Amino acid sequence: MPRKLVRKRGKPAGSAPGTLIHVGEKRTESVRLHYIDYDAHQLEEQDVAADEAAACCALKDRPSVSWINVDGIHQPATIQTIGDCFSLHPLVQEDILNTDHRPKFEAFDDYAFIVLKMPFYDQERREVRTEQVSLILGNRFVLSFQEKEGDVFDKIRDRLRNNKGRIRKLGADYLAYALIDAVVDHYFSILEQIGDQIEDLEDELILEPDQETLHAIHNFKREMILLRKSVWPLRELISGLQRDESDLISDTTKIYLRDVYDHTIQVIDTVETFRDIIAGMLDLYLSSLSNRMNEVMKVLTIMATIFIPLTFLAGVYGMNFHYMPELTWRWSYPAFWLIMIAIGLGLFVAFKRRKWL
């Protein structure tokens with residue numbers, strides 16, 4: 001069953017602003033919290049149960065940088081506990097629970113709210129799907145909220161644990177940049193997989209297109225629409241981060257954000273290129289189908305043309321007139337067959353010379 005481009009909202013119409021209701025795919029697995037607290041010299045890492053989410057409040061007052069990751073947003077009580085600990089506006093908590101948001105950036109007095117769409121390739125369904133990732137950037141903390149467990153941040157965790165690069169020497173803004181960069185870079189690997197599939201589909205389209213080919217083209221069109229909805233707002237989001245005048249994002253980190261902006265433009269260009277290719281593939285499929293139909297019609301027309309004079313002769317000598325002198329000749333029957341065969345062969349040779357066959 002194809003995915004809906006516009007999903008049905010789970011929040012009742014007319015609900016009061018700030019009402020914490022999860023909007024998205026229903027899940028039953030438990031919510032998982034994990035935090036990494038670090039500076040240039042030490043690192044502390046720990047898993048926290050959902051019912052003990054309030055324990056993360058103590059991280060807010062530490063002088064080090066804290067990254068709290070929440071896998072699973074389908075339990076509003078957990079989101080509210082963390083939101084209240086870090087003084088998040090009720091509307092921000094509501095947006096975290098709503099997975100239908102487009103990527104965006106909102107600046108507040110003490111923190112910034114960032115919404116991203118993290119893509120992943122579903123091998124079982126052979127399609128691209130997206131998961132909403134919400135980030136809260138504070139002075140010394142980053143909160144990340146994901147719909148489910150599993151992400152593209154493992155390399156960042158490894159860099160923190162092994163103290164590689166400059167990530168532990170810089171602040172929370174650099175960590176937020178690293179998370180955004182990981183999401184944007186993952187689009188390249190997704191687009192690479194799609195590009196390989198499009199090349200295979202092009203070969204199939206040229207050699208022997210069928211109904212499955214048409215279904216594949218339509219599936220790719222839907223995937224490009226979904227990717228475009230996820231990628232295009234990223235440019236505005238990162239541009240907003242670069243223009244932000246608060247103290248949350250340093251000038252050093254803004255330089256790195258320029259690189260992410262360039263990567264975003266490359267992703268957008270690739271998505272637009274794939275959209276044009278797929279649109280051309282649909283036209284090529286229709287042209288190929290029309291050409292095949294024309295080939296069939298040409299063969300049928302040639303066969304009908306060959307049998308027109310033969311049918312005429314058979315009709316003439318099939319009439320029941322008494323005075324038809326040719327019917328009384330001894331060699332009239334074999335002569336009739338020779339004439340019929342000669343006409344058929346003559347027309348066949350004429351069509352061959354004109355390369356109609």
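The values are calculated or read from the model by the stated rules, or taken from the named source; none is laboratory data. All values reported here derive from a predicted model rather than from experimental measurement. In this analysis, Cβ positions are derived from the backbone assuming ideal geometry, glycine residues included, and neighbour counts consider all displayed protein chains. Accessible surface areas use protein heavy atoms only, side chains included; no ligands, DNA or RNA. Shrake-Rupley method; radii C 1.70, N 1.55, O 1.52, S 1.80 Å.
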Next on the checklist: Every residue in the range 203-234 that is of a type outside the set (Lys, Arg), under 16 Å from ILE277 (Cα atoms) and open to solvent by 70 Å² or more (accessible area, probe 1.4 Å), please.
Outcome noted: ASP203, GLU204, ILE206, HIS215, HIS218, ASN219
Checklist entry - Taking only pairs six or more apart or across chains, which ones have beta-carbon atoms under 9 Å, a first residue in the range 192-208 that is closer than 12 Å to LEU284 by Cα, and a second residue that is outside any helix (DSSP H, G or I)? => result GLU204/ASP210
Next on the checklist: I need every pair where a residue in the range 35-56 that is among the acidic types (Asp, Glu) has its Cβ under 6 Å from the Cβ of a residue that is at pLDDT below 90 and not in a strand (DSSP E or B), sequence separation at least 6 or different chains.
Outcome noted: ASP37/LEU59
Checklist entry - Looking only at residues in the range 289-341 that are farther than 30 Å from THR213 by Cβ, without any contact (Cβ under 8 Å) to a residue 24 or more places away in the chain and of a type in the set (Ser, Thr, Tyr), which one is least open to solvent (accessible area, probe 1.4 Å)? => result SER332
Checklist entry - Could you give every pair whose Cβ atoms fall below 7 Å, whose first residue belongs to the range 157-179 and is free of Cβ contacts under 8 Å to residues at least 40 places away in the same chain, and whose second residue is of a type in the set (Phe, Trp, Tyr), counting only separations of at least 6 or pairs across chains? => result ILE167/TYR174
Item to check | Flag for ALA279 being of a type outside the set (Phe, Trp, Tyr), over 16 Å from HIS218 (Cα atoms), modelled with pLDDT of 85 or more and under 59 Å from the mean Cα position of the chain (by Cα) | outcome: no
Item to check | Residue tally, condition outside any helix (DSSP H, G or I) and either in contact with a Leu (Cβ under 7 Å, 6 or more places away or on another chain) or within 16 Å of PHE86 (Cα to Cα) (or both), over the range 135-177 | outcome: 14
Item to check | Residue count for the range 199-241, restricted to those that are assigned to a helix (DSSP H, G or I), farther than 18 Å from ASP185 by Cα and not acidic (Asp, Glu) | outcome: 17
